[in-house]
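The values are calculated or read from the model by the stated rules, or taken from the named source; none is laboratory data. Please read all numbers here as calculations on a predicted model, not as lab measurements. With ideal geometry, Cβ positions are generated from the backbone for all residues, glycine too; neighbour counts draw on all protein chains shown. Note: accessible area is taken over every heavy atom of the protein model, side chains too, but ligands, DNA and RNA are not part of it. Shrake-Rupley method; radii C 1.70, N 1.55, O 1.52, S 1.80 Å.
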Amino acid sequence: QQSLQKAGKHTDLQIVECPRDAMQGLRDFVKTEDKIRYINALLKVGFHTIDCGSFVSAPAVPQMRDTHEVLKGLDLTDSKSKLLVVVANLAGCQKACLEERVNCVGYPLSISETFQKKNTNRTIAVALEDVKKLNDMCNEHGKDFVLFISMAFGNPYGEAHGVEMVQQYVEKAANMGIKIISLADTVGVSTAESITEMYSRIIPQFPDIRIGGHFHSGAVTSEEKVKAALASGCRRIEGAVGGMGGCPFAKSTLVGNVATECIVDTLRVHGIPHTLNEKALPACYELKHELFGVAVKELLLATVLNDEVAFSTCVRKHFEQHDVDNNGVLRREEFSNAVRDVFAELGEADPDAAKIDKAFMRLDVQKKGVITVDTYMMESRRLLAKRLEFNKLLS
């Protein structure tokens, strides 16, 4: 608490919004005009930086193939937000540097050899050579270079990791003159303790580098991760509205980005100043729901934050996504689709049809072959409570 109070005396906190990370793993292509609408809404909030696209292989990340068109369509009137794009090689960086509207170029360097190959088709040794060239290219074109150190807190491949390894990579970056580094918990394995240890040891060693945090997390642990980072001196926090996102090259279920709502709520509760226009955030939430729907993680988040209004709104919107005739009830097939979608979001196997039918009959209290929104809401609350208890046992 004392460290958080100390953090509250600083006024240089940078909050980064990541619609690229939020959208890149979505199965269906988001129309270019919808991406523009969404990012334009985010621009009104006043984020320090918006991670808005990438210049990478279109077959690898098809969702981002229209980044050039998206950049052209953005309304930057009165916006002070910097625009960041991610690249995976020198060719992508050349494209990014030619984009007048791009302010920052990001590159993911992993401390996991396996993930570096999966993510950029490079060994770490080759990637490190690229990092220097990328930074030099950005400097020549007046762009800020942001180095993401991915798998900083652990990896699913059984490979070595830890503070000492991260320190070595930060030192290499420092020797190249890199000024912004984001430590990424790519698969959501960090804890408040590991975050505290990481930042409290590394930040004092590199006072000339802005060392940020890009955390992937379930709803249960998001707040404690944000608090731990801030209390340990982290002054750059990245998130995404609704907790959307997650790296498509790292298998992780229900561990998308830390939700922007959680970051803002944590700052408000602990009196930590920021420069966001909170009045512009509800429009972003609404547009996010309109374009992408409501995720299970948002329902969990609303429950964790004890926000009854947010919970009810999210459940209702989730219900409406499957209420095809818009008549306020779900028939058996619609209920089945809703359940299957939820299991898919959780990364779990498709449930048995007989079990879905049994659940439907139990919830169809009036025996009319339909489930009402009120029943759906009560069942959602019960199941989410069970899910949260299970997650707490695992954490």
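Please go through (1) farther than 19 Å from Ile237 by Cα; (2) in contact with a Phe, Trp or Tyr (Cβ under 8 Å, 6 or more places away or on another chain); (3) aromatic (Phe, Trp, Tyr) for Tyr169 and return the number of the only condition it doesn't satisfy.
(2)
Return the residue satisfying two criteria in turn: it lies in the range 62-86 and is in contact (Cβ under 8 Å) with a residue 60 or more places away in the chain and open to solvent by less than 10 Å² (accessible area, probe 1.4 Å), and of such residues it is nearest to Gln14 (Cα to Cα).
Looking at residues that are in contact (Cβ under 8 Å) with a residue 60 or more places away in the chain and open to solvent by less than 10 Å² (accessible area, probe 1.4 Å), I get Leu84.
Among the numbered criteria (1) open to solvent by 60 Å² or more (accessible area, probe 1.4 Å); (2) in contact with a helix residue (DSSP H, G or I) (Cβ under 9 Å, 6 or more places away or on another chain); (3) modelled with pLDDT under 95, which one does Val189 miss?
The single condition Val189 does not satisfy is (2).
Considering only the range 255-269, how many residues are open to solvent by 40 Å² or more (accessible area, probe 1.4 Å) and either assigned to a loop (DSSP other than H, G, I, E, B) or within 15 Å of Val241 (Cβ to Cβ) (or both)?
1
Scan the range 107-118 and tell me whether some residue there is in contact with a Cys (Cβ under 9 Å, 6 or more places away or on another chain), of a type outside the set (A, V, I, L, M) and free of Cβ contacts under 8 Å to residues at least 60 places away in the same chain.
yes
Kindly establish whether Ser110 is surrounded by 18 or more Cβ atoms within 10 Å (Cβ to Cβ), in contact with a His (Cβ under 9 Å, 6 or more places away or on another chain) and small (Gly, Ala, Ser).
Answer is no for this residue.
Residue by residue through the range 330-361, note down the ones that are at pLDDT 85 or above and among the β-branched types (Val, Ile, Thr).
Ile356
Let's see how each residue does on (1) in contact with a helix residue (DSSP H, G or I) (Cβ under 9 Å, 6 or more places away or on another chain); (2) within 20 Å of Phe215 (Cα to Cα); (3) among the charged types (D, E, K, R):
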residue: Tyr157; (1), (2), (3): yes, yes, no
residue: Gln168; (1), (2), (3): no, no, no
residue: Ile178; (1), (2), (3): yes, no, no
residue: Asp185; (1), (2), (3): yes, yes, yes
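Tally time: how many residues in the range 124-158 are part of a strand (DSSP E or B) and under 19 Å from the mean Cα position of the chain (by Cα)?
Of the residues in the range 124-158, 5 are part of a strand (DSSP E or B) and under 19 Å from the mean Cα position of the chain (by Cα).
Which condition number in (1) more than 23 Å from Arg210 (Cβ to Cβ); (2) touching a His at 6+ places or on another chain (Cβ under 8 Å) is the one that Lys82 fails?
(1)
Quick grid of which residues meet (1) surrounded by fewer than 22 Cβ atoms within 10 Å (Cβ to Cβ); (2) touching a helix residue (DSSP H, G or I) at 6+ places or on another chain (Cβ under 9 Å); (3) within 26 Å of Ala229 (Cβ to Cβ):
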{"residue": "Glu17", "(1), (2), (3)": "no, yes, yes"}
{"residue": "Met23", "(1), (2), (3)": "no, yes, yes"}
{"residue": "Phe29", "(1), (2), (3)": "yes, yes, no"}
{"residue": "Arg37", "(1), (2), (3)": "yes, yes, no"}
{"residue": "Val56", "(1), (2), (3)": "no, yes, no"}
{"residue": "Cys97", "(1), (2), (3)": "yes, yes, no"}
{"residue": "Phe115", "(1), (2), (3)": "no, no, yes"}
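Count, please, the residues in the range 186-201 that happen to be touching a residue at least 40 places away in the same chain (Cβ under 8 Å) and over 18 Å from Val87 (Cα atoms).
Adding up the residues that qualify gives 6.
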